[in-house]
Amino acid sequence: MLKKLSLVIASALVITTAAQAETITIATVNNGDMIAMKELSSDFEKKNPGIDLKWVTLEENILRQRVTTDVATGGGQYDVMTIGTYEVPIWGNQGWLEELDGLGADYDVEDLLPAIRSGLSVDNKLYAAPFYGESSMVMYRTDLMAQAGLEMPKAPTWKFIREAAEAMTDKDAGVYGICLRGKAGWGENIALLTSMSNSFGARWFDENWKPQFDSKAWKDTLEYYVDVMEKYGPPGSSANGFNENLALFQTGKCGIWIDATVAGGFVTNEKDSEVADKVGFALAPDNGLGKRGNWLWAWTLAIPSSSKKSDAAMKFISWATSKEYSALVGEKKGWANVPPGTRASLYENPEYMNSAPFAQITLDSINSADPKNPTVEPVPYVGVQFVAIPEFQGIGTAVGQQFSAALTGRMTVDQALQSSQRLVERAMRKARYPK
(Lines give C-alpha, C1' and ligand atoms only; values in the text may rest on other atoms or scores of the structure.)
Protein backbone atom coordinates (compact mmCIF):
# COMPACT_ATOMS: atom_id res chain seq x y z
CA MET A 1 0.00 0.00 0.00
CA LEU A 2 2.78 2.42 0.94
CA LYS A 3 4.66 1.52 -2.23
CA LYS A 4 1.58 2.24 -4.36
CA LEU A 5 1.04 5.53 -2.53
CA SER A 6 4.65 6.53 -3.17
CA LEU A 7 4.25 5.77 -6.86
CA VAL A 8 1.07 7.85 -7.01
CA ILE A 9 2.79 10.79 -5.28
CA ALA A 10 5.82 10.50 -7.59
CA SER A 11 3.58 10.43 -10.66
CA ALA A 12 1.68 13.44 -9.37
CA LEU A 13 4.94 15.34 -8.91
CA VAL A 14 6.04 14.54 -12.47
CA ILE A 15 2.66 15.69 -13.84
CA THR A 16 2.80 18.88 -11.74
CA THR A 17 6.36 19.64 -12.89
CA ALA A 18 5.42 19.08 -16.51
CA ALA A 19 2.37 21.28 -16.12
CA GLN A 20 4.44 24.04 -14.55
CA ALA A 21 7.28 23.87 -17.10
CA GLU A 22 7.49 27.02 -19.13
CA THR A 23 8.93 27.41 -22.60
CA ILE A 24 11.23 30.31 -23.40
CA THR A 25 11.84 31.26 -27.02
CA ILE A 26 15.41 32.14 -27.99
CA ALA A 27 16.12 34.09 -31.17
CA THR A 28 19.72 33.68 -32.30
CA VAL A 29 22.02 34.00 -35.29
CA ASN A 30 23.26 31.04 -37.33
CA ASN A 31 26.92 31.46 -36.37
CA GLY A 32 28.97 28.48 -35.27
CA ASP A 33 29.19 29.45 -31.60
CA MET A 34 25.41 29.85 -31.34
CA ILE A 35 24.85 26.50 -33.05
CA ALA A 36 27.17 24.93 -30.45
CA MET A 37 25.18 26.66 -27.68
CA LYS A 38 22.01 25.03 -28.96
CA GLU A 39 23.73 21.62 -29.12
CA LEU A 40 24.94 21.93 -25.53
CA SER A 41 21.69 23.35 -24.13
CA SER A 42 20.58 19.93 -22.86
CA ASP A 43 22.96 20.67 -19.97
CA PHE A 44 20.83 23.69 -19.05
CA GLU A 45 17.56 21.76 -19.36
CA LYS A 46 18.87 18.99 -17.09
CA LYS A 47 19.78 21.56 -14.46
CA ASN A 48 16.48 23.42 -14.94
CA PRO A 49 13.80 20.77 -15.53
CA GLY A 50 11.03 23.36 -15.27
CA ILE A 51 12.27 25.28 -18.32
CA ASP A 52 11.97 24.15 -21.94
CA LEU A 53 13.83 25.89 -24.77
CA LYS A 54 12.45 26.80 -28.19
CA TRP A 55 15.02 27.97 -30.74
CA VAL A 56 14.59 30.37 -33.64
CA THR A 57 17.89 30.41 -35.58
CA LEU A 58 18.19 32.93 -38.41
CA GLU A 59 20.66 34.48 -40.85
CA GLU A 60 22.14 37.70 -39.46
CA ASN A 61 20.25 40.30 -41.53
CA ILE A 62 16.91 38.49 -41.04
CA LEU A 63 17.50 38.10 -37.29
CA ARG A 64 18.09 41.84 -36.98
CA GLN A 65 14.87 42.66 -38.84
CA ARG A 66 12.77 40.25 -36.79
CA VAL A 67 14.03 41.18 -33.32
CA THR A 68 14.02 44.91 -34.06
CA THR A 69 10.41 44.79 -35.17
CA ASP A 70 9.42 42.66 -32.20
CA VAL A 71 11.15 44.74 -29.54
CA ALA A 72 9.99 48.07 -30.99
CA THR A 73 6.34 46.95 -31.09
CA GLY A 74 6.42 45.05 -27.79
CA GLY A 75 5.40 41.93 -29.69
CA GLY A 76 6.65 39.49 -27.07
CA GLN A 77 7.58 36.72 -29.52
CA TYR A 78 10.98 36.17 -27.91
CA ASP A 79 12.17 35.80 -24.33
CA VAL A 80 15.89 35.87 -25.15
CA MET A 81 17.25 37.87 -28.07
CA THR A 82 20.68 37.69 -29.64
CA ILE A 83 21.59 41.30 -30.30
CA GLY A 84 24.81 43.25 -30.69
CA THR A 85 26.79 46.08 -29.17
CA TYR A 86 25.01 48.55 -31.45
CA GLU A 87 21.49 47.81 -30.20
CA VAL A 88 22.08 47.36 -26.47
CA PRO A 89 22.68 50.97 -25.31
CA ILE A 90 20.01 52.36 -27.65
CA TRP A 91 17.36 49.83 -26.65
CA GLY A 92 18.36 49.99 -22.99
CA ASN A 93 17.86 53.76 -23.02
CA GLN A 94 14.45 53.33 -24.63
CA GLY A 95 13.29 50.89 -21.95
CA TRP A 96 13.03 47.99 -24.37
CA LEU A 97 15.35 45.66 -22.40
CA GLU A 98 15.33 44.22 -18.90
CA GLU A 99 18.27 45.06 -16.68
CA LEU A 100 20.31 41.91 -16.02
CA ASP A 101 20.42 42.22 -12.26
CA GLY A 102 19.55 38.60 -11.46
CA LEU A 103 22.41 36.64 -13.00
CA GLY A 104 23.37 35.10 -9.64
CA ALA A 105 25.99 35.66 -6.96
CA ASP A 106 28.54 33.38 -8.66
CA TYR A 107 28.20 34.94 -12.13
CA ASP A 108 31.17 37.31 -11.60
CA VAL A 109 30.24 40.38 -13.63
CA GLU A 110 33.61 41.92 -12.74
CA ASP A 111 35.33 39.23 -14.82
CA LEU A 112 33.81 40.61 -18.05
CA LEU A 113 36.36 42.48 -20.18
CA PRO A 114 35.91 46.24 -19.54
CA ALA A 115 35.81 47.15 -23.26
CA ILE A 116 32.99 44.67 -23.85
CA ARG A 117 31.06 45.31 -20.64
CA SER A 118 31.00 49.10 -21.05
CA GLY A 119 29.34 48.78 -24.45
CA LEU A 120 26.52 46.73 -22.94
CA SER A 121 25.75 49.05 -20.04
CA VAL A 122 23.60 52.13 -19.56
CA ASP A 123 24.33 54.21 -16.44
CA ASN A 124 26.55 51.34 -15.25
CA LYS A 125 23.64 48.89 -15.44
CA LEU A 126 24.11 45.76 -17.56
CA TYR A 127 21.38 45.26 -20.19
CA ALA A 128 22.90 42.33 -22.10
CA ALA A 129 25.40 39.58 -21.31
CA PRO A 130 28.15 38.93 -23.88
CA PHE A 131 28.07 35.46 -25.42
CA TYR A 132 31.19 36.20 -27.39
CA GLY A 133 33.19 39.33 -28.04
CA GLU A 134 35.22 40.15 -31.08
CA SER A 135 37.38 42.60 -32.91
CA SER A 136 38.72 41.99 -36.41
CA MET A 137 42.08 40.67 -37.58
CA VAL A 138 44.02 39.32 -40.52
CA MET A 139 43.89 35.57 -41.12
CA TYR A 140 46.24 34.25 -43.77
CA ARG A 141 47.66 31.09 -45.31
CA THR A 142 51.18 30.63 -44.00
CA ASP A 143 52.07 28.19 -46.80
CA LEU A 144 50.99 30.56 -49.57
CA MET A 145 52.73 33.46 -47.86
CA ALA A 146 55.97 31.45 -47.74
CA GLN A 147 55.59 30.42 -51.41
CA ALA A 148 55.25 34.11 -52.28
CA GLY A 149 58.50 34.82 -50.46
CA LEU A 150 56.78 37.17 -48.01
CA GLU A 151 56.43 37.33 -44.25
CA MET A 152 53.30 38.76 -42.62
CA PRO A 153 54.14 41.46 -40.04
CA LYS A 154 52.27 41.30 -36.74
CA ALA A 155 50.94 44.79 -37.57
CA PRO A 156 50.66 45.00 -41.39
CA THR A 157 49.79 48.00 -43.56
CA TRP A 158 47.11 48.05 -46.24
CA LYS A 159 49.96 48.47 -48.77
CA PHE A 160 51.46 45.16 -47.65
CA ILE A 161 48.06 43.45 -47.76
CA ARG A 162 47.67 44.49 -51.42
CA GLU A 163 51.16 43.20 -52.29
CA ALA A 164 50.54 39.91 -50.52
CA ALA A 165 47.09 39.44 -52.08
CA GLU A 166 48.58 39.92 -55.54
CA ALA A 167 51.42 37.49 -54.86
CA MET A 168 49.11 34.82 -53.43
CA THR A 169 46.47 34.90 -56.16
CA ASP A 170 46.33 31.89 -58.47
CA LYS A 171 42.95 32.03 -60.19
CA ASP A 172 43.72 29.02 -62.39
CA ALA A 173 44.06 26.97 -59.18
CA GLY A 174 40.95 28.58 -57.67
CA VAL A 175 42.95 30.46 -55.03
CA TYR A 176 42.15 34.13 -54.47
CA GLY A 177 44.54 36.47 -52.71
CA ILE A 178 41.95 38.17 -50.53
CA CYS A 179 38.40 37.61 -49.27
CA LEU A 180 36.43 40.51 -47.80
CA ARG A 181 32.75 41.04 -47.02
CA GLY A 182 30.70 42.21 -49.99
CA LYS A 183 27.16 41.45 -48.89
CA ALA A 184 25.18 44.66 -48.36
CA GLY A 185 24.14 45.44 -44.79
CA TRP A 186 25.09 47.70 -41.92
CA GLY A 187 26.46 44.67 -40.07
CA GLU A 188 27.96 43.09 -43.19
CA ASN A 189 30.01 45.10 -45.74
CA ILE A 190 29.55 48.33 -43.78
CA ALA A 191 31.10 46.81 -40.65
CA LEU A 192 34.23 46.04 -42.66
CA LEU A 193 34.32 49.24 -44.68
CA THR A 194 33.60 51.61 -41.80
CA SER A 195 36.38 50.15 -39.63
CA MET A 196 38.63 50.07 -42.69
CA SER A 197 37.81 53.72 -43.48
CA ASN A 198 38.86 54.76 -39.97
CA SER A 199 42.41 53.71 -40.82
CA PHE A 200 42.25 55.71 -44.07
CA GLY A 201 41.31 58.86 -42.12
CA ALA A 202 37.62 58.82 -43.06
CA ARG A 203 34.55 59.31 -40.87
CA TRP A 204 30.78 59.12 -41.33
CA PHE A 205 30.11 62.61 -39.99
CA ASP A 206 32.03 65.70 -39.02
CA GLU A 207 31.49 67.31 -35.64
CA ASN A 208 28.32 69.03 -36.91
CA TRP A 209 26.79 65.78 -38.19
CA LYS A 210 27.50 66.62 -41.84
CA PRO A 211 28.04 63.39 -43.87
CA GLN A 212 31.58 62.99 -45.20
CA PHE A 213 31.28 60.62 -48.17
CA ASP A 214 32.48 63.39 -50.46
CA SER A 215 35.88 63.32 -48.74
CA LYS A 216 39.14 62.09 -50.26
CA ALA A 217 39.57 59.63 -47.38
CA TRP A 218 36.33 57.82 -48.26
CA LYS A 219 37.28 57.77 -51.94
CA ASP A 220 40.66 56.26 -51.07
CA THR A 221 38.95 53.61 -48.92
CA LEU A 222 36.40 52.52 -51.49
CA GLU A 223 38.83 52.64 -54.42
CA TYR A 224 41.26 50.39 -52.55
CA TYR A 225 38.49 47.95 -51.61
CA VAL A 226 36.97 47.69 -55.10
CA ASP A 227 40.39 47.45 -56.77
CA VAL A 228 41.78 44.61 -54.63
CA MET A 229 38.50 42.70 -54.76
CA GLU A 230 38.23 43.00 -58.54
CA LYS A 231 41.83 41.90 -59.08
CA TYR A 232 42.41 39.38 -56.28
CA GLY A 233 39.01 38.50 -54.80
CA PRO A 234 36.67 35.59 -55.57
CA PRO A 235 33.86 35.85 -58.14
CA GLY A 236 30.44 36.79 -56.79
CA SER A 237 31.95 38.52 -53.76
CA SER A 238 29.02 40.94 -53.48
CA ALA A 239 27.01 38.02 -52.06
CA ASN A 240 29.62 37.06 -49.48
CA GLY A 241 29.28 37.81 -45.77
CA PHE A 242 31.01 36.23 -42.79
CA ASN A 243 29.74 32.67 -43.31
CA GLU A 244 30.42 32.61 -47.06
CA ASN A 245 33.99 33.88 -46.65
CA LEU A 246 34.55 31.45 -43.80
CA ALA A 247 33.62 28.56 -46.10
CA LEU A 248 35.94 29.87 -48.82
CA PHE A 249 38.86 30.19 -46.41
CA GLN A 250 38.28 26.80 -44.79
CA THR A 251 38.33 25.10 -48.21
CA GLY A 252 41.61 26.73 -49.23
CA LYS A 253 40.22 29.31 -51.63
CA CYS A 254 41.56 32.45 -49.87
CA GLY A 255 45.07 33.64 -49.17
CA ILE A 256 44.04 36.46 -46.82
CA TRP A 257 40.77 36.98 -44.98
CA ILE A 258 40.19 40.08 -42.84
CA ASP A 259 37.20 39.57 -40.57
CA ALA A 260 35.98 38.86 -37.06
CA THR A 261 38.44 37.45 -34.54
CA VAL A 262 35.82 34.86 -33.57
CA ALA A 263 36.68 33.08 -36.83
CA GLY A 264 40.01 31.99 -35.35
CA GLY A 265 38.45 28.93 -33.74
CA PHE A 266 36.74 27.92 -36.97
CA VAL A 267 39.67 28.24 -39.38
CA THR A 268 41.97 26.25 -37.06
CA ASN A 269 39.44 23.49 -36.35
CA GLU A 270 40.76 20.33 -38.03
CA LYS A 271 37.26 18.86 -38.35
CA ASP A 272 35.99 21.73 -40.48
CA SER A 273 39.00 23.47 -41.99
CA GLU A 274 41.16 21.95 -44.71
CA VAL A 275 43.88 24.49 -43.91
CA ALA A 276 43.74 24.27 -40.11
CA ASP A 277 47.49 23.78 -39.73
CA LYS A 278 48.40 26.50 -42.24
CA VAL A 279 46.80 29.62 -40.70
CA GLY A 280 48.55 32.65 -39.27
CA PHE A 281 47.12 35.74 -37.58
CA ALA A 282 47.97 39.45 -37.51
CA LEU A 283 46.43 42.71 -36.35
CA ALA A 284 44.04 44.49 -38.70
CA PRO A 285 45.92 46.73 -41.19
CA ASP A 286 46.62 50.46 -40.92
CA ASN A 287 47.93 53.34 -43.02
CA GLY A 288 50.23 54.91 -40.45
CA LEU A 289 47.61 57.44 -39.32
CA GLY A 290 47.21 56.10 -35.78
CA LYS A 291 44.10 53.97 -36.34
CA ARG A 292 43.93 50.31 -37.32
CA GLY A 293 41.02 48.85 -39.27
CA ASN A 294 39.71 46.73 -36.40
CA TRP A 295 36.21 46.89 -34.97
CA LEU A 296 34.65 46.07 -31.61
CA TRP A 297 31.56 43.91 -31.28
CA ALA A 298 29.82 41.47 -29.01
CA TRP A 299 26.99 39.11 -29.78
CA THR A 300 24.95 39.21 -26.61
CA LEU A 301 21.90 37.70 -24.97
CA ALA A 302 19.24 40.10 -23.72
CA ILE A 303 15.68 39.97 -22.40
CA PRO A 304 13.09 42.17 -24.09
CA SER A 305 10.83 44.05 -21.69
CA SER A 306 7.86 42.42 -23.42
CA SER A 307 8.86 38.94 -22.18
CA LYS A 308 6.55 37.46 -19.56
CA LYS A 309 9.14 34.85 -18.60
CA SER A 310 12.06 37.04 -17.59
CA ASP A 311 13.07 34.91 -14.58
CA ALA A 312 13.51 31.80 -16.71
CA ALA A 313 15.21 33.85 -19.43
CA MET A 314 17.62 35.28 -16.84
CA LYS A 315 18.58 31.75 -15.74
CA PHE A 316 19.32 30.76 -19.32
CA ILE A 317 21.45 33.84 -19.99
CA SER A 318 23.38 33.28 -16.76
CA TRP A 319 24.12 29.69 -17.84
CA ALA A 320 25.07 30.51 -21.45
CA THR A 321 27.49 33.35 -20.59
CA SER A 322 29.08 31.87 -17.46
CA LYS A 323 32.58 30.56 -16.74
CA GLU A 324 30.95 27.14 -16.32
CA TYR A 325 29.63 27.25 -19.90
CA SER A 326 33.15 28.01 -21.16
CA ALA A 327 34.41 24.95 -19.27
CA LEU A 328 31.60 22.86 -20.78
CA VAL A 329 32.58 23.90 -24.32
CA GLY A 330 36.23 23.23 -23.50
CA GLU A 331 35.33 19.72 -22.36
CA LYS A 332 32.91 18.86 -25.17
CA LYS A 333 34.28 20.81 -28.14
CA GLY A 334 37.90 21.56 -27.22
CA TRP A 335 39.31 24.68 -25.57
CA ALA A 336 40.09 26.42 -28.87
CA ASN A 337 36.33 26.46 -29.56
CA VAL A 338 35.29 28.30 -26.39
CA PRO A 339 33.38 31.52 -27.24
CA PRO A 340 36.10 34.18 -27.05
CA GLY A 341 36.44 37.80 -26.05
CA THR A 342 34.20 38.15 -23.01
CA ARG A 343 36.03 37.19 -19.79
CA ALA A 344 39.47 38.08 -18.47
CA SER A 345 39.69 34.66 -16.78
CA LEU A 346 39.64 32.90 -20.16
CA TYR A 347 42.85 34.69 -21.14
CA GLU A 348 44.43 33.66 -17.86
CA ASN A 349 43.63 30.00 -18.52
CA PRO A 350 46.71 28.15 -19.85
CA GLU A 351 44.56 25.40 -21.38
CA TYR A 352 42.84 27.99 -23.57
CA MET A 353 45.94 30.05 -24.38
CA ASN A 354 47.89 26.94 -25.38
CA SER A 355 45.03 25.64 -27.53
CA ALA A 356 44.09 28.88 -29.31
CA PRO A 357 46.87 30.37 -31.46
CA PHE A 358 44.65 33.40 -32.14
CA ALA A 359 43.94 34.18 -28.48
CA GLN A 360 46.53 36.92 -27.88
CA ILE A 361 45.77 38.70 -31.18
CA THR A 362 42.07 38.62 -30.25
CA LEU A 363 42.69 40.14 -26.84
CA ASP A 364 45.07 42.78 -28.22
CA SER A 365 42.58 43.70 -30.96
CA ILE A 366 39.67 44.04 -28.53
CA ASN A 367 41.71 46.12 -26.10
CA SER A 368 43.00 48.46 -28.82
CA ALA A 369 39.56 49.31 -30.27
CA ASP A 370 38.27 52.65 -28.97
CA PRO A 371 34.54 53.26 -29.63
CA LYS A 372 34.69 56.73 -28.07
CA ASN A 373 37.59 57.83 -30.31
CA PRO A 374 37.24 55.67 -33.42
CA THR A 375 38.59 58.01 -36.09
CA VAL A 376 41.64 60.13 -36.92
CA GLU A 377 39.59 63.35 -36.88
CA PRO A 378 37.04 64.16 -34.14
CA VAL A 379 33.47 62.86 -34.47
CA PRO A 380 30.25 63.43 -32.51
CA TYR A 381 29.38 59.73 -32.31
CA VAL A 382 30.40 56.54 -30.51
CA GLY A 383 31.11 53.32 -32.38
CA VAL A 384 33.99 51.82 -34.36
CA GLN A 385 32.24 50.03 -37.24
CA PHE A 386 28.87 51.69 -36.68
CA VAL A 387 27.43 55.00 -35.55
CA ALA A 388 25.50 54.53 -32.31
CA ILE A 389 22.31 56.35 -33.33
CA PRO A 390 18.92 54.72 -34.05
CA GLU A 391 18.99 55.89 -37.68
CA PHE A 392 22.15 53.94 -38.48
CA GLN A 393 20.42 50.65 -39.27
CA GLY A 394 18.60 52.31 -42.16
CA ILE A 395 21.34 54.54 -43.50
CA GLY A 396 24.04 51.94 -42.93
CA THR A 397 22.23 49.35 -45.03
CA ALA A 398 21.39 51.92 -47.72
CA VAL A 399 25.06 52.96 -48.00
CA GLY A 400 26.01 49.28 -47.99
CA GLN A 401 23.85 48.80 -51.08
CA GLN A 402 25.66 51.63 -52.89
CA PHE A 403 29.05 50.15 -51.99
CA SER A 404 27.93 46.70 -53.11
CA ALA A 405 26.86 48.22 -56.44
CA ALA A 406 30.36 49.68 -56.83
CA LEU A 407 31.83 46.24 -56.18
CA THR A 408 29.70 44.65 -58.91
CA GLY A 409 30.40 47.48 -61.37
CA ARG A 410 26.82 48.70 -61.50
CA MET A 411 28.13 52.04 -60.16
CA THR A 412 31.50 53.70 -60.21
CA VAL A 413 33.18 54.48 -56.91
CA ASP A 414 32.40 58.17 -57.41
CA GLN A 415 28.73 57.45 -58.12
CA ALA A 416 28.42 55.21 -55.05
CA LEU A 417 29.92 57.88 -52.81
CA GLN A 418 27.81 60.70 -54.34
CA SER A 419 24.66 58.63 -53.89
CA SER A 420 25.63 57.80 -50.30
CA GLN A 421 26.28 61.45 -49.53
CA ARG A 422 22.83 62.46 -50.84
CA LEU A 423 20.85 59.74 -49.11
CA VAL A 424 22.58 60.22 -45.74
CA GLU A 425 22.17 64.02 -45.94
CA ARG A 426 18.47 63.51 -46.64
CA ALA A 427 18.05 61.02 -43.79
CA MET A 428 19.83 63.25 -41.30
CA ARG A 429 17.73 66.28 -42.25
CA LYS A 430 14.60 64.22 -41.79
CA ALA A 431 15.85 63.04 -38.38
CA ARG A 432 16.67 66.68 -37.48
CA TYR A 433 20.36 66.38 -36.82
CA PRO A 434 22.16 68.00 -35.12
CA LYS A 435 19.77 67.45 -32.23
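The values are calculated or read from the model by the stated rules, or taken from the named source; none is laboratory data. Remember, predicted model here, so these are calculated numbers, not experimental data. Cβ: placed from backbone, ideal geometry, glycine included. Neighbour counts: every protein chain shown. Heads up: the accessible areas ignore ligands, DNA and RNA and are worked out on the full protein's heavy atoms, side chains in. Shrake-Rupley method; radii C 1.70, N 1.55, O 1.52, S 1.80 Å.
Given the condition open to solvent by 40 Å² or more (accessible area, probe 1.4 Å), β-branched (Val, Ile, Thr) and within 23 Å of Ala369 (Cβ to Cβ), answer yes or no: does some residue in segment 193-205 qualify? No, the conditions are met nowhere in segment 193-205.
Listed here are the helices (runs of 4 or more DSSP H) enclosed by segment 277-394 that have at least 3 residues being of a type in the set (Asp, Glu) and either within 30 Å of Gly201 (Cβ to Cβ) or in contact (Cβ under 8 Å) with a residue 60 or more places away in the chain (or both), and there are none.
Taking every residue in segment 138-159 that is on the phi > 0 side of the Ramachandran plot and pairing it with any residue that is in a helix (DSSP H, G or I), at least 6 positions away or on another chain, the pairs with Cβ-Cβ distances below 8 Å are Gly149/Ala167. Note on segment 22-131: enclosed helices (runs of 4 or more DSSP H) holding 1 or more residues that are touching a Ser or Thr at 6+ places or on another chain (Cβ under 8 Å) are 32-40, 60-73, 87-93, 114-118. Against the condition over 25 Å from the mean Cα position of the chain (by Cα), over 19 Å from Glu274 (Cα atoms) and among the aliphatic types (A, V, I, L, M), how does Ala164 come out, does it pass? In short, yes. Taking Glu163, is it under 30 Å from Tyr381 (Cα atoms) and in contact (Cβ under 8 Å) with a residue 12 or more places away in the chain? So Glu163 fails the test.
Looking across segment 83-114, the residues that are aliphatic (A, V, I, L, M) and crowded, with 19+ Cβ neighbours inside 10 Å come down to Ile83, Val88, Leu97, Leu100, Leu112, Leu113. Scanning segment 24-58 for residues that are surrounded by 15 or more Cβ atoms within 10 Å (Cβ to Cβ) and hydroxyl-bearing (Ser, Thr, Tyr) returns Thr25, Thr28, Ser41, Thr57. Residue count for segment 326-382 under the criterion of being over 21 Å from the mean Cα position of the chain (by Cα), within 22 Å of Glu110 (Cβ to Cβ) and among the aliphatic types (A, V, I, L, M): the result is 3. Might you check whether a residue that is at pLDDT 95 or above, over 17 Å from the mean Cα position of the chain (by Cα) and in a helix (DSSP H, G or I) occurs anywhere in segment 251-271? Within segment 251-271, none of the residues are at pLDDT 95 or above, over 17 Å from the mean Cα position of the chain (by Cα) and in a helix (DSSP H, G or I).
Of the residues Tyr224, Tyr176, the single one that is outside any loop (DSSP other than H, G, I, E, B), in contact with a Phe, Trp or Tyr (Cβ under 8 Å, 6 or more places away or on another chain) and either within 28 Å of Val387 (Cβ to Cβ) or not hydroxyl-bearing (Ser, Thr, Tyr) (or both) is Tyr224. Against the test of being free of Cβ contacts under 8 Å to residues at least 12 places away in the same chain, among the basic types (Lys, Arg) and at negative phi, the options Lys231, Lys271 yield a single qualifying residue, Lys271.
Within segment 144-173, if we keep just the residues that are within 18 Å of Met229 (Cβ to Cβ) and assigned to a loop (DSSP other than H, G, I, E, B), the residue that is least open to solvent (accessible area, probe 1.4 Å) turns out to be Pro156. Please verify whether segment 275-298 includes one or more residues that are open to solvent by 10 Å² or more (accessible area, probe 1.4 Å), β-branched (Val, Ile, Thr), modelled with pLDDT of 95 or more and within 22 Å of the chain's Cα centre (by Cα). Within segment 275-298, one or more residues are open to solvent by 10 Å² or more (accessible area, probe 1.4 Å), β-branched (Val, Ile, Thr), modelled with pLDDT of 95 or more and within 22 Å of the chain's Cα centre (by Cα). Per the listing Ala398, Ala344, the residue uniquely in contact with an Asp or Glu (Cβ under 8 Å, 6 or more places away or on another chain), of a type in the set (A, V, I, L, M, F, W, C) and open to solvent by 10 Å² or more (accessible area, probe 1.4 Å) is Ala344.
Listed by first and then second residue, the pairs linking a residue in segment 404-424 that is within 22 Å of Cys179 (Cβ to Cβ) and assigned to a helix (DSSP H, G or I) to a residue that is open to solvent by 20 Å² or more (accessible area, probe 1.4 Å) and of a type in the set (Ser, Thr, Tyr), with Cβ atoms under 6 Å apart and 6 or more places separating them unless they lie on different chains, are Ser404/Ser238; Leu407/Ser238; Thr408/Ser238.
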